[in-house]
Amino acid sequence: MKPIPRDKALDSTLALLREAYNFIPNRCGRLRTDMFETRLMGQKVICVSGEAGAAMFYQPDRFTRKHALPPTALLLLQDLGSVQLLDGEAHRRRKQMFMALMRPERIGSLTQMFAEQWHQRLRQWESAEQVVLHHEMEQLLCKSVCEWTGLSLTDAALEQRTREFSAMIDGAGAVGPRSWRGMRLRSRTEDWIRSVIMMIRAGHMQVPDDSAAQIIALHRDADGELLDNAVAAVELINILRPTVAVARYITFAALALHRYPDVRARLLSAQSREDDYLGWFVQEVRRFYPFFPAVGGRVREEFTWRGLHFAQGTWVLLDIYGTNHDPHLWKDPQTFRPERFRDWNASPHNFIPQGDGDFDLGHRCAGEWLTIELVKTATRLLLFSMDYDVPAQDLRIDMSRMPAIPESRFVISQVRHVFSTAEPVMEAESGLMGSQAAQGMESGRSGQEW
Ligand code: HEM
């Protein structure tokens, strides 16, 4: 077996911060490999990319997430005590609690609440000069998921909580002020949710029996004990925060509708409400646009792969963004083309925006189905419930910023509520396409057309 290629730099931490989503793909390209060794934060790490690497990484029980993420990213994302940091039987038991919340009828009730909130909010958008879609989506998702979870918020509280979740998400991939702000605001959310858990347990706060707040507050791990108050709060936040983060995919979906008029026209066509195209569109949004660059793990028990010995504790990073753009797996990976999912082989290892493998046995994202349904719902609402213009703005996506987002956060104007129940094709003919086309500033910083 050939030795594993090495990145020549003594330490590549600064290069990682600079190149972000392209850090692993750049080195795989340069070294002509799908696996290489480098040093980050003074430690040796093996980076893997592609289908074989994903299959290796997501073997149940092979990797722990403990000590596999920079501490600030960990605290802002899953946090100490969370399901992601558990292994083996303890992980499976806790994961069941999450997956029980993701049954189709429960996902349906959240998407319905979200659509209702959207329709209410449309009236305000109609009278506003401009609407920053990403901020609005964060707020709508925050309100919907809090209600779905059993928590209701006043308008002032909604603004504050949205700001906190947004700061946690935005700070997760950063070093410095963005990260510090996320940490500062996270502690306020934690105080709030800890008090919610305490009040539910003491019977001072009534929430529906099947709500996430009730289920988490009363969940018992394998030892038969209730979760520690702080851990229960972490897990409830692990439902709320990532649901608010779905706003990024919705913003990217709106950007794709704007950038690719053919795709938009196909979605608006009469049959698209029934056919699979909407589903392919949402998959392509999750494949094409940058969100999680990579996921890290440390070897639990030594194993050998491709003749290479992975000792216990070895640090490995799996390239999420690069695998979703791997030219060996995806023809013309930098082209936005939903149809590619018609022929997709549904391998669990080649399309990994929210992780890979088995939901119950591994660390694959518990909220993947919910994410897909929320983005589908939002896309339908953007297409069939409203008309809007996209004024000139900076739509570039900085690929060195984690997590990425269009610079302008996608601004829309001249919002009009579409009440008609006419065939979608009529709406396309009503001038919607014309008002959307050919506006906005062009091209991403990396030279890629977004
Ligand atoms: C917004 C889009 C989302 C993205 C890009 C995303 C991405 C991911 C990724 C890549 C992982 C796997 C980490 C690993 O292998 O260690 C993960 C895990 C997880 N996600 Fe998501 N996620 C999203 C939305 C959600 C939502 C909506 C929820 C819940 C409502 C959620 C809850 C979780 C949980 C609980 C885990 C830990 C699972 C485990 O360790 O078993 N995520 N997510």
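Projecting the Cα positions of VAL295, THR335, GLY313 onto the charge dipole of the range 277-428 (unit charges on Cβ atoms of Lys, Arg, Asp and Glu, taken about the Cα centre) puts GLY313 furthest along the positive direction. Available extension along the chain between HIS119 and ALA311 is 63.7 nm, counting 0.36 nm per residue and deducting the alpha carbon span.
Going from the residue with the fewest nearby Cβ atoms within 10 Å to the one with the most, ARG220, ARG286 rank ARG220, ARG286.
Computed packing ranks the peptides 367-377, 32-42 as 367-377, 32-42, most packed first, by mean other Cβ atoms within 10 Å. Placing unit charges on the Cβ atoms of the charged side chains and taking the dipole of the range 13-436 about its Cα centre, the candidate lying farthest along the positive direction among VAL390, ALA265, GLN117 is VAL390.
Note on ASP332 and LEU31: the extension gain reaches 106.3 nm, defined as 0.36 nm multiplied by sequence separation minus the Cα-Cα distance.
Hey, got the dipole for the range 13-436? About the Cα centre, +1 on K and R Cβ, -1 on D and E Cβ, debye to the nearest 20?
1100
Could I have the simple spin-label model distance between ASP228 and ASP389, label points 7 Å from Cα toward Cβ, reported in nm to one decimal? If labels sit at ASP228 and ASP389, their model points lie 5.6 nm apart.
Checking the a/c ratio against 1.5 first, then a/b against b/c, what shape does the Cα gyration tensor give for the chain? If you can, show how the numbers build up before the last one.
On the way: a/c = 1.71, a/b = 1.15, b/c = 1.48.
Oblate is the answer for the chain, as a/c is 1.5 or above yet b/c matches or exceeds a/b.
In this structure, the pairs whose alpha-carbon distance is over 30 Å, taken from LYS66/LYS143; LYS143/LYS376; LYS95/LYS143; LYS95/LYS376; LYS8/LYS66, are LYS66/LYS143. The label point for GLN206 and the one for GLN96, both projected 7 Å from the Cα toward the Cβ, are 3.0 nm apart. Distance between the C-alpha centres of the range 144-163 and the range 301-368: 34 Å, rounded to the whole angstrom. Placing a pseudo-label 7 Å from each Cα along the Cα-to-Cβ vector at PHE303 and ALA52 gives an inter-label distance of 1.5 nm. Helix screen, the chain: DSSP H segments with Cα axial length of 15 Å or more and mean Kyte-Doolittle hydropathy at least 0.5 are 229-259, 368-384.
Read-outs: derived from the displayed coordinates by stated rules, not from any lab. Here the structure is a predicted model, which is why all the values come from computation and not from measurement. In this analysis, Cβ positions are derived from the backbone assuming ideal geometry, glycine residues included, and neighbour counts consider all displayed protein chains.
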